[in-house]
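Working notes for the structure below.
The values are calculated or read from the model by the stated rules, or taken from the named source; none is laboratory data. Everything numeric here is computed off the predicted structure, so don't read it as measured data. With ideal geometry, Cβ positions are generated from the backbone for all residues, glycine too; neighbour counts draw on all protein chains shown. For the accessible areas, the whole protein counts, side chains as well, though only heavy atoms, and no ligand, DNA or RNA atoms are used. Shrake-Rupley method; radii C 1.70, N 1.55, O 1.52, S 1.80 Å.
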Amino acid sequence: MAGAVRSPVHRTAIAVRPVLGLLPLRNAACTCQSRDQQPSQLSTPSSNLAPSRNFTSCTTSRKTRNSDSWFSNHSMHHTMATGDGVASSNGGGEGSRRSLFFPRRAVMYVPACDERKVLKTTTISVDSIIFDIEDGVAANKKDVARKSIGAAIATSRRDDSQSSLSEHVVRVNGVGSGLMNLDLREVFRSCDSHGVSPDAIMLPKVESVEHVAELDLCLSFHRLSLPPLPLFIMAESPLGLLHLHHICHFATHGTRHLRLAAVVFGSDDYLASIGGVRTDSGAELAAVRQAVVGVASANGVAAIDMVSTNFSDLTALREQADEGARMGFNGKQVIHPAQVPVVQEAFSPSEERVEWASRLISAFNHHQHSGQGAFVYEGHMIDRPLLLQAQNIVSLHGNQSSNK
Ligand code: COA
Ligand code: MG
């Protein structure tokens, strides 16, 4: 595991277990502290170990939008993973979750210390905004960044803003940096003083269940009885990839103050940690990207594709975004406003595709009634997997239309 040895996150004080179950938390060395509490006073609440969440009651309220979308984003993946098919994907509880759907097609980073860029968000209609305190912010600006979050969210949510209904996420520094708890403390102080709350937290450089457990524990001191926050985790190292399913499972069932919403692939950190080189074709990343989609899908959450750093080449961006959509990603990280419409269009199904999918679903239902599982439709053999893909398209279209 040469790459892992080179990874800076390896320097974390938390022991990384090669084989992860869901019960290592009591041994996790916690470095977080509340506003008034010293680390020595802390202990891991036993309730952290219990999968006690009531999903349907877990909502963050802001205006009319509900960022409960992680379900949504992937009730369809639940369908694929469980094989429940038509009935479960359209019926009962899943139906009500879908109504809370919120797309995450373009996920745009904004350095939280940069007032000009924060103001610029008010002119951009983008699904998700990540106010960054991590790698997009210089070390000597991190304090400004963490203290600016409340004002940044309040500005971006102004009634006259194009981004008023965007999802506002805060990317803190990773557990291995030793800065995460300070970030959280200042973020929530700053949000309190502006009367706002982030819609979600993004945790970078996640390599183990313990990283998520530490964030969950820190939140227990900063958010008290508030409902769980949607969580974006970044998979961006070989260890993070190897442990991804356990991390996702824990972040979905084992946390108290968080619930997993999305897995975000950090390509540049990943390549740095394995000593790889990025090429135009991206062949060196294809397998790992597909693995991220698979694990996110198995855990019923969104998968967000890598950044395209050449923000002036929008043609190449469109090709990369189309490729990501074909691979099963639900959205893509962007770094510049010009990338937003290109990416959002690439991750939206075309009218023709929606019509095709609707016709296919009708035809499938018709053939089911006459007892035919597989049948020929517009020159192609159709069976259940194709039906599920068609349902994804119709669902995504319906949910985007009702949220935008
Ligand atoms: N969010 C909001 N506004 C942005 C923006 C962003 N990420 N990137 C650029 N803008 C704004 C600029 O402020 C400028 O608006 P203005 O004229 O009103 O000030 C406009 O968009 C055009 O910007 P441009 O001059 O083309 O780019 P730049 O040189 O200002 O910035 C980057 C280029 C790459 C430094 C900038 O896009 C950026 O910081 N991106 C985020 C990087 C990041 O967070 N990386 C970490 C995650 S991978
Ligand atoms: Mg990174």
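Some points to look at:
- Label-to-label distance, Asp143 versus Lys120, with points set 7 angstrom from Cα along the beta-carbon direction: 2.7 nm.
- Evaluated at q = 0.19, 0.22 Å⁻¹, a Debye calculation over the C-alpha positions of the range 256-316 (equal weights, vacuum) places log10 I(q)/I(0) at -0.80, -0.96.
- The convex hull built on the alpha-carbon positions of the range 229-337 has an orientation-averaged projected area of 6.9 nm².
- Altogether, the Stokes-Einstein calculation at 4 °C and 1.567 mPa s, with the Kirkwood radius of the range 326-381 over Cα pairs as Rh, returns a diffusion coefficient of 93 µm²/s.
- When the range 246-404 is reduced to its Cα atoms, the Kirkwood hydrodynamic radius in Å: 17.8 Å
- Checking the cross-link pairs Lys142/Lys205; Lys147/Lys205; Lys142/Lys332 against a 20 Å limit on the alpha carbon distance flags Lys147/Lys205; Lys142/Lys332 as lying beyond it.
- Share of pairwise Cα separations in the range 100-139, more than 16 Å, in percent: 38 percent
- Estimated inter-spin distance, Asp280 and Leu226, nm [label 7 Å along Cα→Cβ]: 4.6 nm
- Once the 1.4 Å probe is applied to the protein heavy atoms, the range 150-226 comes out at 28 Å² accessible per residue.
- Binning all Cα-Cα separations of the range 170-221 at 10 Å, short to long from zero, yields these whole-percent fractions: 25, 58, 16, 1.
- Scaling the Cα radius of gyration of the range 186-272 by the globular reference 2.2 N^0.38 Å produces a ratio of 1.12.
- Virtual spin-label span in nm between Ala316 and Asp160, 7 Å along Cα→Cβ: 3.9 nm
- Surface composition of the range 263-404: carbon and sulfur atoms hold 55% of the protein heavy-atom accessible area at a 1.4 Å probe.
- Ratio of Rg to Rh for the range 120-265: 0.96 [Cα atoms; Kirkwood radius as inverse mean 1/r over pairs].
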